[in-house]
Amino acid sequence: MIQEKNNVFVLSNEQFSYLLRVTDEGRLEHLHFGGPASAEDADALTCQYGLGWGGTVCEKGCQSPETRPMEWSGSGRGDYRETPLEREDGSTDFRYIGYEILSSVVPMQGELPQAQGPAETLQIRMEDTAARLRLTLYWTVFDTAVTRRAVVTNIGETPQVLRKCMSTCMDLNGVYEMTTLNGSWSAEAQRWTAPVGPSRLVNESTVGFSSAQHNPGFMLSEPDATEEAGRVFGFNLIYSGNHYASAQRSFHGLTRVMQGISPDHFRWALASGESFETPEAVMTFSAAGFNGMSKAMHRFINEHIVPEAWRYRPRPVLYNSWEGCLFDFTQGRLMKLARKARDLGCELFVLDDGWFGRRKDDTAGLGDYDVNKKKLPDGLEGLAREVRKLGMDFGLWFEPEAVNEDSALFEAHPDWAMTEPDRETLYGRNELLLDLTKEPVRDYIVESVGHILDTVPISYVKWDMNRNSAALGAKAHRYILGLYDVLRRIFGPRPQVLLESCSSGGNRFDLGMMCFSPQVWTSDDTDPVERRRIQQDVSYLYPLSVMGAHVSASPNVQTLRDTPLFTRGNTAFFGVLGYELDLQDLLPTEEKEIRAQIEFYKTYREVFQYGSFRRLKTVEGYAWQVSRTEPECHIAAVF
């Protein structure tokens with residue numbers, strides 16, 4: 001619910017209240033983000049402004065702008081804290097000109113995805129008359145979260161250049177700690193916490209994508225907050241590219257928080273009349289500790305982020321051929337694995353890499369879509385037909401954003417690959433990224449993938465992306481917009497296809513991808529000892545329904561650690577269960593145990609995927625509980 005009274009705006013849902021107001025000078029002031037509050041509380045919630053002194057800039061009553069809790073700050077006009085917007089020439093100072101309350105989500109103007117579903121939106125318009133820029137801010141209130149974004153429009157005749165434009169900015173009163181999820185390939189989402197102080201804390205990706213190094217989601221919490229008690233704020237960004245978030249506490253006790261696209265190499269030119277729109281930032285709050293915040297964020301993602309066709313829809317138990325075969329397979333071998341997977345209880349057979357073009361290893365073939373008839377003499381259609389005769393669905397792996405130099409596509413269109421002129425070409429996994437900022441490249445991917453999906457009975461796609469790119473630079477944001485255009489054109493008309501995003505594991509585990517992809521491969525590391533830490537820390541901001549979790553062979557291929565099948569299964573239950581190993585190597589006792597695992601998971605699948613998840617307190621190790629009330633069911637595991 002959104003209300004306005006005497007220039008005070010109250011945004012409320014079942015989770016929290018969020019208050020802001022217009023000051024006498026026409027700026028936006030942040031009043032409250034937390035427990036229930038109303039417009040009548042505005043005066044009590046107002047901070048006492050500090051007076052100007054020394055070198056500060058003073059306004060009415062000798063008040064200093066840098067002591068105020070703002071909802072959006074200018075630059076170069078007295079507020080010397082970090083600014084959410086920078087233009088190439090000059091300062092900014094936006095003043096309020098009007099508002100509108102709308103009874104639904106306001107569609108975004110371009111390719112950026114956004115949260116969907118029942119909601120109300122507050123639109124506030126501001127203007128910098130000297131800079132000739134208009135700023136339109138949107139707060140969209142959902143049942144457990146609020147999203148926020150900004151649109152900047154050049155209303156002058158002179159072209160403008162933006163060097164930074166955040167999605168959200170606000171000043172919170174209080175003392176907090178910032179928790180981020182950091183790591184690398186095969187070691188994603190390691191939770192890191194630091195006190196927010198006078199030196200700025202920054203969580204940022206500059207590799208071109210949301211990255212395994214720094215997930216875009218983060219938390220602010222009171223220093224004594226626990227899993228079950230204390231004030232905790234959750235933040236995230238509906239975006240898959242370079243991101244930025246910061247927190248910094250001023251001398252006056254205000255913590256400035258902002259989030260948006262990374263300003264690293266960012267440069268966006270605005271001609272007269274043109275606009276730039278930021279991704280949506282997501283914010284939620286709970287006074288019931290980290291578990292309370294997680295519950296609110298999980299519900300928001302399940303109800304407002306994942307595609308509508310897959311909301312609360314059970315995910316199938318799959319078998320993936322990769323770790324069982326790698327590139328070495330024939331149709332006969334795949335069918336033996338498919339029959340074994342069916343007998344064990346799997347519902348979906350996924351053919352991974354190696355089915356196309358010259359693809360015998362990772363040095364060739366990417367970019368081509370002709371089927372390797374030596375491996376698959378009956379083509380994808382024949383293999384899919386035989387798999388479906390077994391009573392299983394068929395899924396297929398693609399890596400559409402990349403190209404090998406040893407491919408028909410590169411030989412025909414070398415200019416489609418992203419490289420840096422006059423510099424030695426840099427490779428990752430023997431591949432280059434295709435330039436998704438070019439329309440012909442996007443058309444080629446859409447037509448190639450779309451043709452296969454329309455001619456082969458495919459119910460699942462694993463969309464992989466296995467390298468970062470130093471060549472993105474100032475193209476980084478346009479590349480992500482191109483990616484969203486491709487995904488929307490392929491999967492929008494085919495909502496029945498379950499899309500699982502993968503990027504060397506969790507290199508693109510973000511809300512932007514989840515708007516198209518109901519599940520994401522959490523990590524290439526399937527060692528259950530490593531996975532229990534990864535999945536626990538991911539659970540702070542993402543629900544179990546989006547986490548791909550597979551049982552693989554032991555000793556584990558990444559860590560060489562030997563673990564019981566019991567441990568591997570119990571860990572993978574807390575996610576979307578799959579199996580990825582050579583089923584021909586199983587002992588009869590292992591086959592019996594896997595059948596029991598899959599039967600148990602299917603019985604309680606909706607509890608695992610959509611139940612209320614809690615992290616329990618333990619002296620050491622990990623303890624998880626997932627439960628539902630209708631009908632009542634509680635499942636717990638201690639590792």
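Things to note:
- Only one of Arg256, Arg299 that is in contact with a Lys or Arg (Cβ under 7 Å, 6 or more places away or on another chain) and of a type in the set (Lys, Arg): Arg256
- Residues satisfying the stated conditions in the range 93-139, i.e. over 29 Å from the mean Cα position of the chain (by Cα) and more than 20 Å from Arg21 (Cα to Cα): Thr129, Ala130, Ala131, Arg132, Leu133
- Verdict on Ala229 being modelled with pLDDT of 95 or more, hydrophobic (A, V, I, L, M, F, W, C), open to solvent by 10 Å² or more (accessible area, probe 1.4 Å) and under 26 Å from His30 (Cα atoms): yes
- Hey, Thr147 surrounded by fewer than 23 Cβ atoms within 10 Å (Cβ to Cβ), in contact with a strand residue (DSSP E or B) (Cβ under 6 Å, 6 or more places away or on another chain), within 21 Å of Gly98 (Cα to Cα) and at pLDDT 95 or above or not: no
- Ser91 vs. criteria closer than 30 Å to Gly197 by Cα and open to solvent by 40 Å² or more (accessible area, probe 1.4 Å): yes
- Selection within the range 555-592 - of a type in the set (D, E, K, R) and under 25 Å from Ser545 (Cβ atoms): Arg568, Glu580
- Selection status of Thr83, of a type in the set (S, T, N, Q), open to solvent by less than 20 Å² (accessible area, probe 1.4 Å) and within 22 Å of Leu133 (Cβ to Cβ): yes
- Scanning the range 233-289 for residues that are open to solvent by 40 Å² or more (accessible area, probe 1.4 Å) and among the acidic types (Asp, Glu) returns Asp264, Glu274.
- Residue that is surrounded by the most Cβ atoms within 10 Å (Cβ to Cβ) [pool: residues in the range 602-632 that are of a type in the set (Ser, Thr, Tyr) and either closer than 14 Å to Phe573 by Cα or touching a residue at least 60 places away in the same chain (Cβ under 8 Å) (or both)]: Tyr610
- Some residue of the range 439-451 being under 14 Å from Ala471 (Cβ atoms) and either among the hydroxyl-bearing types (Ser, Thr, Tyr) or in contact with a Gly (Cβ under 7 Å, 6 or more places away or on another chain) (or both): no
- Conditions (1) closer than 24 Å to Asp393 by Cβ; (2) among the β-branched types (Val, Ile, Thr); (3) assigned to a strand (DSSP E or B); number of the one not met by Ile594: (3)
- Filter pass, Leu396 being among the aliphatic types (A, V, I, L, M), outside any loop (DSSP other than H, G, I, E, B) and either open to solvent by 50 Å² or more (accessible area, probe 1.4 Å) or under 30 Å from Gly208 (Cβ atoms) (or both): yes
- The range 357-370, residues that are open to solvent by 10 Å² or more (accessible area, probe 1.4 Å), without any contact (Cβ under 8 Å) to a residue 60 or more places away in the chain and at negative phi: Arg358, Lys360, Asp361, Asp368, Asp370
- Answer residue from the range 20-49, given it is of a type in the set (A, V, I, L, M) and either under 24 Å from Thr92 (Cβ atoms) or without any contact (Cβ under 8 Å) to a residue 12 or more places away in the chain (or both) and is surrounded by the fewest Cβ atoms within 10 Å (Cβ to Cβ) among those: Ala44
- Residues in the range 219-245 that are more than 20 Å from Ala189 (Cβ to Cβ) and either in contact with an Asp or Glu (Cβ under 8 Å, 6 or more places away or on another chain) or outside any loop (DSSP other than H, G, I, E, B) (or both): Glu222, Pro223, Gly230, Arg231.
- Residue among Ile480, Ile452 that is under 24 Å from Glu405 (Cα atoms), in contact (Cβ under 8 Å) with a residue 60 or more places away in the chain, surrounded by fewer than 21 Cβ atoms within 10 Å (Cβ to Cβ) and among the β-branched types (Val, Ile, Thr): Ile452
- Of all the numbered requirements in (1) assigned to a loop (DSSP other than H, G, I, E, B); (2) out of contact with any Ser or Thr (no Cβ under 6 Å at 6 or more places or on another chain); (3) touching a residue at least 40 places away in the same chain (Cβ under 8 Å); (4) not hydrophobic (A, V, I, L, M, F, W, C), Glu303 misses one, and that requirement is (1).
- Of the residues Ser211, Ser199, the single one that is within 29 Å of Trp268 (Cα to Cα) and buried (at least 21 other Cβ atoms within 10 Å of the Cβ) is Ser211.
- Residue check for Arg342: over 23 Å from Gln597 (Cβ atoms), at pLDDT 95 or above and either not acidic (Asp, Glu) or not in a helix (DSSP H, G or I) (or both): no
- The one condition from (1) part of a loop (DSSP other than H, G, I, E, B); (2) of a type in the set (A, V, I, L, M, F, W, C); (3) within 27 Å of Phe290 (Cβ to Cβ) that Leu560 does not meet is (3).
- Boolean, Ser262 is in contact (Cβ under 8 Å) with a residue 12 or more places away in the chain, among the hydroxyl-bearing types (Ser, Thr, Tyr) and under 19 Å from Leu481 (Cβ atoms): yes
- Taken over the range 390-444, residues that are modelled with pLDDT of 95 or more and polar (S, T, N, Q) amount to 3.
- Complete set of residues in the range 101-126 that are open to solvent by 60 Å² or more (accessible area, probe 1.4 Å) and free of Cβ contacts under 8 Å to residues at least 24 places away in the same chain: Ser103, Pro107
- Just one of (1) polar (S, T, N, Q); (2) buried (at least 16 other Cβ atoms within 10 Å of the Cβ); (3) under 26 Å from the mean Cα position of the chain (by Cα) fails for Gln597. It is (3).
- All positions within the range 296-354 that are of a type in the set (Val, Ile, Thr) and under 25 Å from Tyr610 (Cβ atoms): Ile301, Ile305, Val306, Val317, Val350
- Qualifying residue in the range 506-516 (condition: modelled with pLDDT under 95 and either farther than 15 Å from Leu181 by Cβ or open to solvent by less than 10 Å² (accessible area, probe 1.4 Å) (or both)): yes
The values are calculated or read from the model by the stated rules, or taken from the named source; none is laboratory data. Here the structure is a predicted model, which means the values were calculated and not measured. Neighbour counts are summed over all protein chains in view; Cβ atoms, including those assigned to glycine, are modelled from backbone coordinates with ideal geometry. Side chains are part of the model used for accessible areas, which takes the heavy atoms of the whole protein and leaves out ligands, DNA and RNA. Shrake-Rupley method; radii C 1.70, N 1.55, O 1.52, S 1.80 Å.
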